[in-house]
Amino acid sequence: MGMERVQCSYHSQDEAFKIGKETYRGQQYSQIYFARLHLMRTLLYSIVPHWKPNFPVCTVLGLEEGKECVIVGTLYKHMKLKPCILDEYSKERSVVPLVKPHNFMHPDDHLVLEDESGRVKLSGNPISPSEYVTGNVVALLGKESGTGDFLVLEVLDAGLPPQIEFPIKSREDKYVVLVSGLSVGSSNSNPLQFQLLIDHITGHLGDEKEQSIASQIAHVVFAGNSVEIPRRLLNGQNLASKDLSKMAESIKELDILLSQIAASLPLDIMPGPSDPSNFSLPQQPLHTCLFPGSSAYNTFRSCTNPHCFELDNVRFLGTSGQNIDDLEKYSDAKDKLEFMERTLRWRHVAPTAPNTLGCYPYTDRDPFFIESCPHVYFVGNQDKFETRVLKGSEGQLVRLICVPKFCESGVAVMLNLRDLECYTLSFGTQFSS
């Protein structure tokens, strides 16, 4: 008996992340910081009267010793261990080993707040250097101390943005599958494991009950690092024809696999750090010429990273993981979900860009500003699957999801659009010796 696959409406919200007609004229990164400060300060100024109505708002230059006031500006984090490109050329490099620690935090790190008028060093327990990074825009209540520091008494983040209403629950289950880190072409990649995933999604695996569940999968998202090109081929040298064909092998293999899914249901593919796309965020869609088989189907969509879209009026926001991995290097949290939560509370997808995370030097806007709170926020290429629901002060509910690397874990994530419940799909292959 044939089963009909469920359908859902799709609206892409990626326009803000497409570089399009932007032209690079040698502009510096200061302009994106000014754009961010202007945007966030306008927002914080509208919140401050409700937060601290009895305190004046000052600029850094207008601070007076001992007088309590509110200041708004961009944080700069002075980090002792932050890598510097000049260290590679230091004459004393043999004396100090160039270690590459997992995290660059140090007890001596401190924060500075900047606005157009000046900068001031921050002190006080309410603001912890381990939690914030360079690029955050915050409002601070405090006073200038005798030493010239600004003693922070309270901190105000922008908070979760407004959220569109969650659609009225339908009785029908509809699933979205989130996959990342396929790394087709790497030594860790298991083609059989991926083929099992495809067969499950397309309904070619299992009994009638399994096929019934598969027919409820309405959409698939590949969140970056779908291919891995051997590093030895990316050395900047002219390649022999046999090496050129080797470089294309993994992409050809991916195209064959994706075309099986595209023949059955819609899929989005996002670029990641190891994919053949631009390095800096926002990463532009992978060119359709890389996927001659898959792109022949109108169900195939090559998308940006970050990626924002709506399925049946449920809003999704996702990245391939660079924003959260970079936050982990320069700040501290109990888990990856907490980093994700912070980006939403700061209303910024990539707060460390452009300081330690590459991004395009925009002149008049900051596309990473989160205007509308998503219902689902996912991050790809993580070490393990994690999820929880974040609740906002105005009733916002966000399902946070860390999507693990499929090539290492064999795990994909299934999300039910009806109630945003999450499940894992685990695929394993074992051969007896």
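The values are calculated or read from the model by the stated rules, or taken from the named source; none is laboratory data. Keep in mind it's a predicted model, so treat the numbers as computed, not measured. All Cβ positions, glycine included, derive from the backbone under ideal geometry; neighbour counts span all protein chains shown. The accessibility values were calculated without ligands, DNA or RNA, using every heavy atom of the protein model including side chains. Shrake-Rupley method; radii C 1.70, N 1.55, O 1.52, S 1.80 Å.
Applying a threshold of 7 Å to beta carbon distances and a minimum spacing of six or more residues, or different chains, the list of pairs starting in segment 111-133 at a residue that is within 18 Å of residue 332 (Cα to Cα) and ending at one that is buried (at least 18 other Cβ atoms within 10 Å of the Cβ) and basic (Lys, Arg) reads 111/77; 129/77; 132/77; 133/77.
Remark: residue 38 falls outside the filter, which requires a residue to be in the same structural domain as residue 114 (by TED's automatic domain parsing) and modelled with pLDDT of 90 or more.
Summed over segment 248-258, residues that are open to solvent by 30 Å² or more (accessible area, probe 1.4 Å) and not basic (Lys, Arg) total 4.
Cβ-Cβ below 8 Å, separation at least six or inter-chain, first residue in segment 12-25 and touching a residue at least 60 places away in the same chain (Cβ under 8 Å), second part of a helix (DSSP H, G or I) and surrounded by 13 or more Cβ atoms within 10 Å (Cβ to Cβ): which pairs? Cβ pairs passing all conditions: none.
The set of residues in segment 5-44 being aliphatic (A, V, I, L, M), within 19 Å of residue 305 (Cα to Cα) and in a helix (DSSP H, G or I) consists of 16, 32.
Looking only at segment 305-322, decide whether some residue is open to solvent by less than 40 Å² (accessible area, probe 1.4 Å), assigned to a helix (DSSP H, G or I), touching a strand residue (DSSP E or B) at 6+ places or on another chain (Cβ under 9 Å) and not small (Gly, Ala, Ser). Yes: one or more hits. When every residue of segment 39-51 is checked against the conditions, at least one turns out to be among the aromatic types (Phe, Trp, Tyr), over 21 Å from residue 134 (Cβ atoms) and open to solvent by 70 Å² or more (accessible area, probe 1.4 Å).
In segment 352-375, the count of residues that are open to solvent by 60 Å² or more (accessible area, probe 1.4 Å), within 21 Å of residue 283 (Cβ to Cβ), basic (Lys, Arg) and part of a loop (DSSP other than H, G, I, E, B) is one or more.
Summed over segment 254-285, residues that are over 17 Å from the mean Cα position of the chain (by Cα) and either at pLDDT below 95 or of a type outside the set (D, E, K, R) (or both) total 14.
Of all the criteria given as (1) closer than 20 Å to residue 123 by Cα; (2) open to solvent by less than 20 Å² (accessible area, probe 1.4 Å); (3) not hydrophobic (A, V, I, L, M, F, W, C), the one not satisfied by residue 80 is (2).
Among the residues making up segment 310-353, a single one is touching a helix residue (DSSP H, G or I) at 6+ places or on another chain (Cβ under 6 Å) and at pLDDT below 95: 333. In a residue-by-residue description of segment 385-406, the property of being β-branched (Val, Ile, Thr), crowded, with 20+ Cβ neighbours inside 10 Å and within 14 Å of the chain's Cα centre (by Cα) applies to at least one position.
Out of the residues in segment 140-189 meeting the condition of being free of Cβ contacts under 8 Å to residues at least 40 places away in the same chain and over 30 Å from residue 119 (Cα atoms), tell me which one is surrounded by the fewest Cβ atoms within 10 Å (Cβ to Cβ). Top of the filtered list is 168.
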